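The values are calculated or read from the model by the stated rules, or taken from the named source; none is laboratory data. Everything numeric in this text was worked out from a predicted model, so none of it was measured. Positions of Cβ are generated from backbone atoms using ideal geometry, with glycine treated the same way; all protein chains shown enter the neighbour counts. Just the protein is used for accessible areas: all its heavy atoms, side chains included, with ligands, DNA and RNA removed. Shrake-Rupley method; radii C 1.70, N 1.55, O 1.52, S 1.80 Å.
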2 protein chains.
Amino acid sequence: MTSQKIIDNAIAVLNEDFYAPLDIIAGQAGVNRRTLHRHFKDRAALIDACWADMMQTWHRAMLAAYHSSTDPVVQLEQMLYAGIDCGVKYAFLNTLQTKYLNEKAGAVENEAYEQAKNNWFSLVPELQRQKLISDSLSVAWIRMLFVNMINTTIQALRSGDVAPNDIKKFAWYSFSRSIGLL
Amino acid sequence: MTSQKIIDNAIAVLNEDFYAPLDIIAGQAGVNRRTLHRHFKDRAALIDACWADMMQTWHRAMLAAYHSSTDPVVQLEQMLYAGIDCGVKYAFLNTLQTKYLNEKAGAVENEAYEQAKNNWFSLVPELQRQKLISDSLSVAWIRMLFVNMINTTIQALRSGDVAPNDIKKFAWYSFSRSIGLL
DNA sequence: TAAAAATGTCTCATGTGTGTGACATTTGTC
DNA sequence: GACAAATGTCACACACATGAGACATTTTTA
């Protein structure tokens with residue numbers, strides 16, 4: 001559908017430059033700017049749509065990873081890979097969260113986010129209880145390590161300085177050790 | 001000096017929003033927008049000045065940390081702390097590097113940056129040679145871990161979710177382990 | 001104190017992103 | 001083919017950031 005095509009390209013473009021003019025987004029999506037406005041009332045509406053879209057992608061990937069095993073370590077590993085696979089979309093999600101979402105009320109569309117987040121947050125204390133990872137690190141800190149490891153991976157992929165084949169291996173190696181695993 | 005005052009405030013403001021209007025920057029610095037233009041020809045000139053300023057700060061901090069010890073592990077630890085202390089300025093540097101610096105030729109003012117970078121890059125192979133850190137990780141990857149650990153730390157500080165007292169400790173613990181140290 | 005420099009205030013022209021209206025054109029559907 | 005929906009094209013008004021000119025005011029300096 002056209003709306004989806006616009007959203008996909010908007011995410012790609014806005015991820016590079018959050019303030020890119022709508023011309024660029026429309027052009028990238030192969031539609032007229034006027035058409036873009038027919039699908040999305042204004043810039044804010046488009047960004048909201050992008051946000052919702054990303055939420056869905058992210059949420060599904062996390063849920064699938066979470067249910068791929070009962071071993072919390074494997075769950076965590078799979079969730080990291082899922083995050084990496086979300087790639088560009090995830091990076092944009094982060095941008096939004098820091099600079100755009102502040103202005104919005106913690107509204108409806110955060111529900112899915114919260115759910116995935118809660119799954120994640122139940123995992124870490126469990127790992128700490130089992131003494132598999134460090135219990136001197138706070139959960140909030142570990143959450144940030146997780147998110148930023150994904151960012152690091154995406155950056156590494158984009159920069160071309162790190163061999164793509166190595167990246168996931170590196171990411172899990174570095175992340176798991178950074179939280180005290182093994 | 002007025003120029004420096006404007007630069008400092010510009011860094012602070014642009015770090016929050018890279019596209020903030022000059023009004024805001026001038027206002028934050030307590031000067032008129034017209035005055036800002038008398039010190040800096042245009043927006044690009046101001047940003048260049050910010051860049052140069054940050055380079056200086058960053059370079060000095062890195063150099064001091066590097067020379068604080070002859071033990072490469074201690075050097076690395078001190079450089080991480082130095083990066084964290086650069087704080088806000090460093091975060092802006094990162095923003096610039098990805099989205100703004102692309103448009104510039106790898107020009108003159110990168111010299112200082114390169115020098116500090118080279119110090120850093122000599123450190124990592126040395127640590128690998130001494131088998132203190134993992135030699136399966138590439139230097140480029142470790143560089144990214146380093147940079148992103150600083151970002152993570154700054155985020156953590158800003159979010160308020162992690163106790164400020166713990167942060168440096170957490171950062172070194174997580175970073176050192178993520179590169180295979182210990 | 002007097003001259004010079006820096007800054008503030010007001011104004012203006014310019015460029016650009018934005019959102020919308022009117023109408024032609026294309027595409028899809030029956 | 002005929003109709004309807006979606007899209008393209010052109011045009012317009014609006015808001016806003018920008019950079020600069022003219023001149024008053026303040027601050028520095030000799």
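Some values worked out for this structure:
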| read-out | value |
| --- | --- |
| Filter result (more than 9 Å from DNA strand D (Cβ to nearest atom), more than 14 Å from chain B (Cβ to nearest Cβ), surrounded by 12 or more Cβ atoms within 10 Å (Cβ to Cβ) and not in a helix (DSSP H, G or I)) within the stretch A:20-46 | A:PHE40 |
| Among (1) within 16 Å of DNA strand C (Cβ to nearest atom); (2) exposed (fewer than 15 other Cβ atoms within 10 Å of the Cβ); (3) touching a residue at least 24 places away in the same chain (Cβ under 8 Å), the one test that B:ILE7 misses | (2) |
| Residue that is farthest from the other protein chains (Cβ to nearest Cβ), among those in the stretch A:167-182 that are open to solvent by less than 20 Å² (accessible area, probe 1.4 Å) and within 19 Å of A:GLU126 (Cα to Cα) | A:SER176 |
| The stretch A:152-166: number of residues that are surrounded by 20 or more Cβ atoms within 10 Å (Cβ to Cβ) and facing chain B (nearest Cβ under 7 Å) | 3 |
| Single residue of the stretch B:131-151 satisfying the filter (farther than 22 Å from B:ALA116 by Cβ and polar (S, T, N, Q)) that is surrounded by the most Cβ atoms within 10 Å (Cβ to Cβ) | B:SER134 |
| Qualifying residue in the stretch B:84-99 (condition: modelled with pLDDT of 90 or more and closer than 21 Å to B:ASN151 by Cα) | yes |
| Boolean, B:MET62 is away from every other protein chain (no Cβ under 14 Å), touching a residue at least 40 places away in the same chain (Cβ under 8 Å) and either within 16 Å of DNA strand C (Cβ to nearest atom) or in contact with a Gly (Cβ under 9 Å, 6 or more places away or on another chain) (or both) | yes |
| Count of residues meeting criterion [within 14 Å of chain A (Cβ to nearest Cβ) and either basic (Lys, Arg) or away from DNA strand C (no atom under 13 Å from the Cβ) (or both)] in the stretch B:10-19 | 6 |
| Some residue of the stretch B:123-136 being assigned by TED's automatic domain parsing to the domain that holds B:ALA82, within 20 Å of B:ARG60 (Cβ to Cβ) and more than 16 Å from the chain's Cα centre (by Cα) | yes |
| Test: B:PHE40 is touching a residue at least 60 places away in the same chain (Cβ under 8 Å) and within 16 Å of DNA strand C (Cβ to nearest atom) | no |
| Where B:ARG158 falls short, out of the listed (1) assigned to a helix (DSSP H, G or I); (2) at pLDDT 85 or above | (2) |
| Qualifying residue in the stretch A:133-150 (condition: more than 8 Å from chain B (Cβ to nearest Cβ) and aromatic (Phe, Trp, Tyr)) | yes |
